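Trainee: Here it is, the structure in full.
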Amino acid sequence: MELLQKLEILADAAKYDAACTSSGLSRSGRPGTIGSTTAGGCCHSFSADGRCISLLKVLMTNVCVYDCQYCVNRRSNDLPRAAFTPRELCELTMGFYRRNYIEGLFLSSAVLRDPDYTTERMIQCLRLLREEYRFGGYIHAKAIPGADPILTRQLGLLADRLSVNIELPSAQSLALLAPDKKKQAILAPMKQIRDGITVSKQELKVYRHAPRFAPAGQSTQMIVGATGESDRQILALTQGLYRTYRLKRVFYSAYMPVSNSPLLPAPQGFQPPLLREHRLYQADWLLRFYHFQAEEILDENQPNLDPRLDPKCGWALRHLEHFPVEVNRADYETLLRVPGIGVKSARRILAARRFGPLNFQGLKQLGVVLKRAQYFITCSGRMERGLRVNPDGLLRHLVALEAPNLAQPEPEQLSLFSTGGAS
Amino acid sequence: MSWTQVSYLYDGSLAGFLTCVFEAYTHREEPADFTPFHQACASFYAQRSIETDQAKAQRVYRSLEGKLGKTGKDWLLRGFLTCLPDRELWLWRFLRLGYQRGPGFTRDLTNPAVCQIHKAVLALNSEAHQFTGFVRFSQLEGVLVGTITPKNRVLPLLRLHFCSRLPQEQFLLYDKAHREALVHTPGKWAILPMEDFQMGQADQEELAYRKMWRSFYHTISIEGRYNPRCRMTHMPKRYWGDMTEFAPPEQEALEE
Ligand code: SF4
C-alpha cells in the first residue's frame, strides 16, 4: 500500500480524538537535533471544521481486536485497515516537521493483537524518532489501557504528553459500550502516569539530567452525548480528574453518529451536541482559571448548562446578590466572576487603577467586554447611564447578546477563548 | 515654554528614529511628523533632515531601560516593527511620557499613547505567533524556502524561533510585504533587504510531501462539524495565499 493511502486511512481513523494541542512544555532546540516546543503550543492550521491542527494526528494502526460500540475502528466495523511501519511514520513526521506543517506527532493506536504488543510498536517508532532522527519536537502519545506498566513507563520517557482516554462519563456507560475496557484498566495507567510525573519532577530538581517522564503532563478525553449523563455529573467527574490525577486538560468530544448499535443514539437525524460541548469547555475553563467549584456552576436544581448563555453569565444571574461589583475596589477573585471580565482584563484593572479611578471608557480600553459587564459593575459608585434592568430583562439582554454567535453553525471549543495559539 | 514643531525626515531605520529622538531633545523640538526620505513630500511644518548617527542613537538606546523600564523598552523596540498608523509619532509620545514618568508608566493602559503602543505590540506579537505555525517551507535543492505576507515586520520576532528549531537547516523566509528575508545556515543568520524573490521548481519528493499534507489536511476535518466561519476566525483568508494546503494541486512531473 502506498504511504499516501495509509496516511489517509490512519488520519481518518484518528480524527475523532479531540486533543490536538502541543502545549505544556518549553524546550528550545539544540545543535545537532531538530525541533523545539513552546509552553503555549502552536496551531499550524485550522481544518474546515474550525479545529486547530497542531500535530500529525494518526494511529499506528486501525486494526483492532476490541469492539467498543462508539468507535469507528471497532472490530465489527467494515472499514479499510492499515498500519504504519515505525520507519514510515518517522519519515512522514520529519518531512512534515521540516516544512513547518506540524508541531510534532500525536500517536495513538487501535489494539493490534494485545495492549503490550501495540505499545511496543509505538515505543519502537518513538525511539527511532528521538534517537536516530534526533527529533526534539512535541510528541503526544496515548497510553493503551491494559499494557504492562513497564511499557507505559518507556512510552512516557519518549513522549512529552501522555493521555489515557476515560472514554465515557461513567463506569456504567463504559461497561455497556466498551465491554473490553474496565474502569480500573483506565484509571491504573492514569495513576501510574501521575506518580511518574511527580517523581520525575522531584528528580529533576536534584539532578538536571534526570530522565523526563511526560514533562508536558497528562490529559484525557470523554465522549459527550452518546450516553445519558448530565452536565453536572460530567463537571463533577472533570473536577475529580483534575484534583485526583492532576491532569493538564480534560477534553470533551461531541459524539458523532458512527454506529448503528441499539445502545447508542440512532444515527438518522442525530445532531452532534456541539453547543453542549462548547458550554462544557467554557465551564471547564471556569474550573481551571476562574476559581470556580463544579458545585457552584451546577446543582441538583439545575443539572445542565443553559445552552443559551455562557456558564459564567448563568452563575451571575443566579447570584445577583454579589453584584454590582465596584471595579475600583474589588479584589482579583471578585473581578474574575464578573461576566465580560477575563483573566487578562482583571489583571489589567488591578494595574491600571493605581494611576487613578477607572471609568467605563477606560475599562473598554483594558479589554473589558462592556456589553456584558455593564450590568454587573459600578465605576466609582456609578452604573452605566440609564441601565436599570430587572433580572428577567437582564436574562433577555444577555441571551440576545449571544444569539448572533449561535445563529451560525455552532462555535468550536476554541472560538471564545483562544487569543492565538493552542490552549 | 513649548517646543518648536518640526517635521523630521529620516532614513526609516530604528537607529535613524533614535537619532531623531536625540535631536528633538537637544534642540527642544516637538516632532509633528516623521517621514522616511523616500516618501518625502511638502509639509506644513519646517522640515529637517536627520542623518542617522550611530553614536547618538546608541546614547538614546542605552538610556531606554533605565528611563522606560524593561517593559517600556521592549514595547518601544517592538512598536517600531508594527504597522500602527503614525507609528513614529506614537512612539515619540510614548517615549516622552516614559521619560517624564519613569518605569511603570506602561501599566497606565488608559493613557492614549500607552494604549496605542500596547495594542499595536499585542497585534504584532500575535501575528508573529500565528506565523510560527502558518509559515510553510518547501524543500528546494536541500534548502527550506518559504514566503509570508504579514501586516507587521515579524521576521525579527520569528528569527529566534526558527533558528532555534531548525539549527541544522539552511533556510530562507521571505517577507513579501516588507521585502526582506531571514536567511539561516547552521550557526549564522541575517535579516536582509531583498527586492524580489521567486520560489524555484519543486522536485518529486517535494511534490509528494505537498500532496500528502493536503490529503491529511482534508482528511482530519470532521464533516459533521463543518464550520468555515470558525476556521476563518482563527485563520483569516489573508494567510491562505502562502499556505501549501490551499495551493491548487500540482501536476506531478512525468516520470522519465
Ligand atoms: S480499543 Fe480503541 S480503537 Fe479499538 S475499538 Fe476501542 S476505542 Fe476503538
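The values are calculated or read from the model by the stated rules, or taken from the named source; none is laboratory data. Because the structure is a prediction, the values reported are computed rather than measured. A quick note on method: Cβ atoms are made from the backbone with ideal geometry, for glycine too, and the neighbour counts reach across all protein chains shown. Remember, those area values only see protein heavy atoms, side chains included, never the ligands or the DNA or RNA. Shrake-Rupley method; radii C 1.70, N 1.55, O 1.52, S 1.80 Å.
Trainee: Could you list the residues of the range B:156-192 with an amide nitrogen less than 18 Å from a label point located 7 Å from the Cα of B:ASP203 in the Cα-to-C-beta direction?
Mentor: B:169-172
Trainee: Still on this structure, I have one more. Counting pairs of alpha carbon atoms under 8 Å apart in space and at least six apart in sequence, what relative contact order in percent does the range B:4-126 give?
Mentor: Relative CO of the range B:4-126 lands at 25 percent.
Trainee: Name the residues whose placed amide hydrogens come within less than 5 Å of the amide hydrogen of B:LEU140, ignoring near sequence neighbours (fewer than 5 apart) on the same chain.
Mentor: Those qualifying (amide H under 5 Å, at least 5 residues apart or on another chain) are B:VAL145.
Trainee: What ³J(HN,Hα) values, in whole Hz, does the Karplus curve 6.51 cos²θ - 1.76 cosθ + 1.60 give for the range B:159-176 when θ = phi - 60°, with x put for Gly and Pro?
Mentor: Karplus values, whole Hz, x for Gly and Pro: 3, 4, 4, 6, 5, 6, 6, 10, x, 9, 9, 8, 9, 9, 10, 9, 8, 5.
Trainee: Another question about this same structure. Please identify every one of the GluC sites (Glu not before Pro) in the range B:122-229 that sits in a loop by DSSP and has no more than 10 other beta carbons within 10 Å of its own beta carbon.
Mentor: B:GLU141, B:GLU195
Trainee: How much of the accessible area of the range B:1-157, probe 1.4 Å, is carbon plus sulfur, in whole percent? It would help to have the intermediate numbers written out before the result.
Mentor: Details: 3670 of 7070 Å².
The computed percentage sits at 52.
Trainee: Could you run the Karplus curve 6.51 cos²θ - 1.76 cosθ + 1.60 with θ = phi - 60° over the range A:318-326 and give me ³J(HN,Hα) per residue in whole Hz, x for Gly and Pro?
Mentor: 7, 10, 4, 4, 7, 10, x, 9, 7
Trainee: Same structure, new question: Taking loop as defined by DSSP and a crowding limit of 16 other beta carbons within 10 Å, which GluC sites (Glu not before Pro) in the range A:260-309 fit?
Mentor: Within the range A:260-309, the qualifying GluC sites (Glu not before Pro) (loop, at most 16 other Cβ atoms within 10 Å) are A:GLU300.
Trainee: In the range A:83-123, what residues drop by 50 Å² or more in accessible surface going from the chain by itself to the full protein assembly, probe 1.4 Å?
Mentor: Flagged in the range A:83-123: A:PHE96, A:ARG98, A:ARG99, A:ASN100, A:TYR101.
Trainee: Largest first and to the nearest Å, give the Cα extent of chain A along each principal axis.
Mentor: Its Cα atoms span 69, 55, 36 Å along the three principal axes.
Trainee: Provide the per residue accessible area, probe 1.4 Å, for the range A:27-108, rounded to a whole number of square angstrom.
Mentor: On a per-residue basis, the range A:27-108 sits at 27 Å².
Trainee: Let me ask something additional. Report, ordered by chain and residue number, the lysines lying within cross-link reach of B:LYS237, taken as a straight Cα distance under 25 Å and ignoring same-chain residues fewer than 8 apart.
Mentor: Within the straight-line cut-off, B:LYS237 pairs with A:LYS15, A:LYS57, B:LYS119, B:LYS151, B:LYS176, B:LYS211.
Trainee: If you don't mind, there's one more thing I want to ask. Straight-line reach from A:LYS191: which lysines fall under 19 Å, measuring Cα to Cα and dropping same-chain residues less than 8 apart?
Mentor: A:LYS142, A:LYS181, A:LYS182, A:LYS183, A:LYS201, A:LYS248
Trainee: Taking H placed 1.01 Å from N in the peptide plane, check which residues at least 5 places from A:VAL224 or on another chain put their amide H under 5 Å from its amide H.
Mentor: When sequence neighbours closer than 5 places are left aside, the close amide H contacts are A:SER253, A:ALA254, A:TYR255.
Trainee: Right, here's the next one. Just how many % of Cα pairs in the range B:4-126 lie over 19 Å apart, if you round to the nearest whole percent?
Mentor: Within the range B:4-126, distances greater than 19 Å cover 44 percent of Cα pairs.
Trainee: Let me know the shape class of chain B, please: from the alpha-carbon gyration tensor, a ≥ b ≥ c as square roots of the eigenvalues, rounded when a/c is under 1.5, otherwise prolate if a/b is greater than b/c, or oblate.
Mentor: Judged from the Cα gyration tensor, chain B comes out prolate (a/c at least 1.5, a/b above b/c).
Trainee: For A:LYS364, give me every one of the aspartates and glutamates with a C-alpha distance below 17 angstrom, ignoring sequence neighbours fewer than eight places off in its own chain.
Mentor: In chain and number order, the partners are A:GLU326, A:GLU384, B:ASP108.
Trainee: Another one. So, in nm, how far is label B:GLN168 from label B:GLU65 when the simple model puts each one 7 Å beyond its Cα toward the Cβ?
Mentor: It is 3.5 nm.
Trainee: At a Förster distance of 56 Å, what's the computed FRET efficiency of A:GLU321 paired with B:ASP53, Cβ-Cβ distance as r, to 0.05?
Mentor: 0.30
Trainee: Given A:LEU305, A:PRO324, A:LEU174, which one lies farthest toward the positive end of the charge dipole of the protein assembly as shown, if we put +1 on the Cβ of every Lys and Arg and -1 on the Cβ of every Asp and Glu?
Mentor: Value: A:PRO324.
Trainee: For the B and A pair, go ahead and give the buried accessible area with a 1.4 Å probe, both sides summed, in Å² to 100.
Mentor: Protein heavy atoms only, the B-A interface buries about 5300 Å².
Trainee: Okay, moving on. Using +1 at the C-beta of Lys and Arg and -1 at the C-beta of Asp and Glu, which of B:ALA55, B:LEU77, B:GLY98 has the Cα lying farthest in the positive direction of the dipole of the range B:4-126?
Mentor: The Cα lying farthest towards the positive end belongs to B:GLY98.
Trainee: Which far-off residues, 5 or more places away or on another chain, put their amide H under 5 Å from the one on B:ALA32, with H placed in the peptide plane?
Mentor: B:VAL6, B:SER7, B:TYR8
Trainee: Also, I was wondering about something else. The range B:140-185: which residues show an accessible-area loss of 30 Å² or more, assembly versus chain alone, 1.4 Å probe?
Mentor: For the range B:140-185, once contacts with the other chains are taken into account, B:SER164, B:ARG165, B:LEU166, B:PRO167, B:GLN168, B:GLU169 lose 30 Å² or more.
Trainee: Report the semi-axes of the equivalent ellipsoid for the range B:133-255 in whole Å, largest first, where each axis is √(5λ) for an eigenvalue λ of the Cα gyration tensor.
Mentor: Output for the range B:133-255: semi-axes of 26, 20, 14 Å.
Trainee: Quick check: the angle from helix A:343-352's long axis to the longest principal axis of chain A, C-alpha only, nearest 10 degrees?
Mentor: For helix A:343-352, the angle is close to 50 degrees.
Trainee: Rounded to a whole number, what % of the accessible area of chain A do carbon and sulfur atoms account for, probe 1.4 Å?
Mentor: On the way: 9130 of 17410 Å².
Ligands and nucleic acids excluded, carbon and sulfur give 52 percent.
Trainee: For the range A:311-404, what class follows from the C-alpha gyration tensor (a ≥ b ≥ c being the square roots of its eigenvalues): rounded when a/c is under 1.5, otherwise prolate if a/b is larger than b/c, else oblate? Let's see the in-between values first.
Mentor: Numbers: a/c = 1.69, a/b = 1.58, b/c = 1.06.
In terms of gyration-tensor shape, prolate.
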